[in-house]
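Engineer: Pasting in a structure now, in structure tokens, and then I'll have a few things to ask.
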Amino acid sequence: MASIVGGVATSHVPAIGRAIANNLQDDPYWKPFFAGFPPVRDWIAEAKPDVVVVFYNDHGLNFFLDKMPTFAVGAAPSYVNADEGWGIPSVPAFTGDLDLSWQIINHLVAAEFDITTCQEMLVDHAFTLPMALCWPDQNWPVKVVPVCINTVQFPLPSAKRCWKLGEEVGKAVRDWKSDARVMFLGTGGLSHQLDGERAGFINKQFDLEFMESLIANPKWATQFSIEQLVEKTGTQGVELLMWLATRAALGDGPVRQVHANYHIPISNTASGLMVMEPRG
Ligand code: DHB
Ligand code: FE
């Protein structure tokens, strides 16, 4: 059976792509953000994942307001970046793991999730940048399975529902007849709001409480409705749902925090980073 090596959760912001393209990692603005990643890469080098299941939200690029699945799972042989720009050099295509895609899809449908299955799927900064932060040479040594959660058009799935999704994706991986080593990557958050009267809104206290809760009391955030999460974290802060799915995928048992970083701001965003590993 496949084994789960752990989960990485990180913010995604398009400007990170421009900073990478312009080699600004040591620039004073960027350093506190990029400095969080060497320990992540060290952990990955030891954990040796073969496949990464990426929980992320599309930003109106592969899906638009006319057709918006609540949950979508990629089942494509490869995934190409088609992000909105910033002059980011194009990144190599990501190779899909079709066997794991269909294992997850079959499991989710059997578990009564009405998902959308995508045999063609473009990916955006929420997918490509966290991958580039984990594997900076962009010579992707892992296969991928994208799992997309709608956080752009209301109604959004509840935190409780996203926990359940992550839980079932984790079970699907554990039941997968493969000797592959699987990592989860959740991207989005933490608190930020890009538009409206509260543009620039950040809630450090909530973010830190949320990060701690993933280890100590992981279902803590599932008590909140989407409206409450928007109020506490900003309209785009709800992207923390990806972190919740990632944590849930690691299973019921205790989880160890391997590494964490938190820095305000990157663009309009409170950037968070965590590496978690199932204990025992
Ligand atoms: C920003 C943050 C995001 O999560 C995103 O998808 C786009 C932009 C920002 O802070 O600029
Ligand atoms: Fe985003």
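Engineer: Sort through Pro92, Pro14 and tell me the only one that's closer than 23 Å to Gln236 by Cα and touching a Phe, Trp or Tyr at 6+ places or on another chain (Cβ under 7 Å).
Structural biologist: Details: Pro92 fails: closer than 23 Å to Gln236 by Cα.
Going through Pro92, Pro14 in turn, just one is closer than 23 Å to Gln236 by Cα and touching a Phe, Trp or Tyr at 6+ places or on another chain (Cβ under 7 Å): Pro14.
Engineer: Does Ala19 meet the test of being more than 16 Å from the chain's Cα centre (by Cα), within 15 Å of ligand 1 (Cβ to nearest atom), surrounded by 14 or more Cβ atoms within 10 Å (Cβ to Cβ) and free of Cβ contacts under 8 Å to residues at least 24 places away in the same chain?
Structural biologist: Numbers: more than 16 Å from the chain's Cα centre (by Cα): yes; within 15 Å of ligand 1 (Cβ to nearest atom): yes; surrounded by 14 or more Cβ atoms within 10 Å (Cβ to Cβ): yes; free of Cβ contacts under 8 Å to residues at least 24 places away in the same chain: yes.
Spelling it out, Ala19 is indeed more than 16 Å from the chain's Cα centre (by Cα), within 15 Å of ligand 1 (Cβ to nearest atom), surrounded by 14 or more Cβ atoms within 10 Å (Cβ to Cβ) and free of Cβ contacts under 8 Å to residues at least 24 places away in the same chain.
Engineer: From the list Gly200, Gly186, pick out the single residue that is part of a strand (DSSP E or B) and within 16 Å of ligand 1 (Cβ to nearest atom). Spell out how you get there, then give the answer.
Structural biologist: Numbers: Gly200 fails: part of a strand (DSSP E or B).
Answer to the check: Gly186.
Engineer: If Phe94 satisfies all but one of (1) of a type outside the set (Gly, Ala, Ser); (2) under 16 Å from the mean Cα position of the chain (by Cα); (3) surrounded by fewer than 19 Cβ atoms within 10 Å (Cβ to Cβ), what's the number of the condition it fails?
Structural biologist: The failed condition is (3).
Engineer: A further question on this structure: Is it fair to say Glu167 is over 23 Å from Gln25 (Cβ atoms) and touching a helix residue (DSSP H, G or I) at 6+ places or on another chain (Cβ under 7 Å)? Steps first, answer last, please.
Structural biologist: Values: over 23 Å from Gln25 (Cβ atoms): yes; touching a helix residue (DSSP H, G or I) at 6+ places or on another chain (Cβ under 7 Å): yes.
Answer is yes for this residue.
Engineer: Right, next: Show the residue pairs meeting these rules: Cβ distance below 8 Å; 6+ apart or different chains; first residue within region 40-64 and under 25 Å from Leu122 (Cα atoms); second residue assigned to a helix (DSSP H, G or I) and not hydrophobic (A, V, I, L, M, F, W, C).
Structural biologist: Val54/Pro130; Phe55/Gly166; Phe55/Thr246; Tyr56/Pro130; Asn57/Glu239; His59/His125
Engineer: OK, next. So, in region 44-64, of the ones that are within 16 Å of ligand 1 (Cβ to nearest atom) and more than 16 Å from Gly186 (Cβ to Cβ), which residue ends up surrounded by the fewest Cβ atoms within 10 Å (Cβ to Cβ)?
Structural biologist: So, considering only residues that are within 16 Å of ligand 1 (Cβ to nearest atom) and more than 16 Å from Gly186 (Cβ to Cβ), the one surrounded by the fewest Cβ atoms within 10 Å (Cβ to Cβ) is Phe64.
Engineer: A further question on this structure: How many residues, within region 185-220, are surrounded by 18 or more Cβ atoms within 10 Å (Cβ to Cβ) and farther than 22 Å from Val255 by Cβ?
Structural biologist: So the count comes out to 6.
Engineer: Among the residues of region 217-239 satisfying the criterion of being within 16 Å of ligand 2 (Cβ to nearest atom), assigned to a helix (DSSP H, G or I) and without any contact (Cβ under 8 Å) to a residue 60 or more places away in the chain, which is nearest to Tyr56 (Cα to Cα)? Let's see the steps before the verdict.
Structural biologist: Filtering region 217-239 for residues within 16 Å of ligand 2 (Cβ to nearest atom) gives 226, 229-230, 233-239.
Now narrow it down to the ones that are assigned to a helix (DSSP H, G or I): 226, 229-230, 233, 237-239.
Those left that are additionally without any contact (Cβ under 8 Å) to a residue 60 or more places away in the chain: 230, 233, 237.
Values: Val230: 17, Thr233: 17, Gly237: 13 Å.
Restricting to residues being within 16 Å of ligand 2 (Cβ to nearest atom), assigned to a helix (DSSP H, G or I) and without any contact (Cβ under 8 Å) to a residue 60 or more places away in the chain, the top hit is Gly237.
Engineer: I've got another one for you. Could you check Ala260 against (1) out of contact with any Gly (no Cβ under 6 Å at 6 or more places or on another chain); (2) in a loop (DSSP other than H, G, I, E, B); (3) away from ligand 2 (no atom under 16 Å from the Cβ); (4) at pLDDT 95 or above and say which number it fails?
Structural biologist: Condition not satisfied by Ala260: (2).
Engineer: Let me ask you something else. Exactly one condition in (1) within 16 Å of ligand 2 (Cβ to nearest atom); (2) more than 17 Å from the chain's Cα centre (by Cα) is not met by Gly189; state its number.
Structural biologist: (2)
Engineer: Can you name the residue in region 240-257 that is assigned to a strand (DSSP E or B) and not charged (D, E, K, R) and, of all such residues, is farthest from Ser3 (Cα to Cα)? Write out each step before concluding.
Structural biologist: Taking region 240-257 and keeping what is assigned to a strand (DSSP E or B), we get 255-257.
If we keep only those that are not charged (D, E, K, R) as well, we get 255, 257.
On the way: Val255: 15, Gln257: 18 Å.
Among them, the one singled out is Gln257.
The values are calculated or read from the model by the stated rules, or taken from the named source; none is laboratory data. Here the structure is a predicted model, which is why all the values come from computation and not from measurement. Here Cβ is always computed from backbone atoms with ideal geometry, including for glycine, and neighbour counts include all displayed protein chains.
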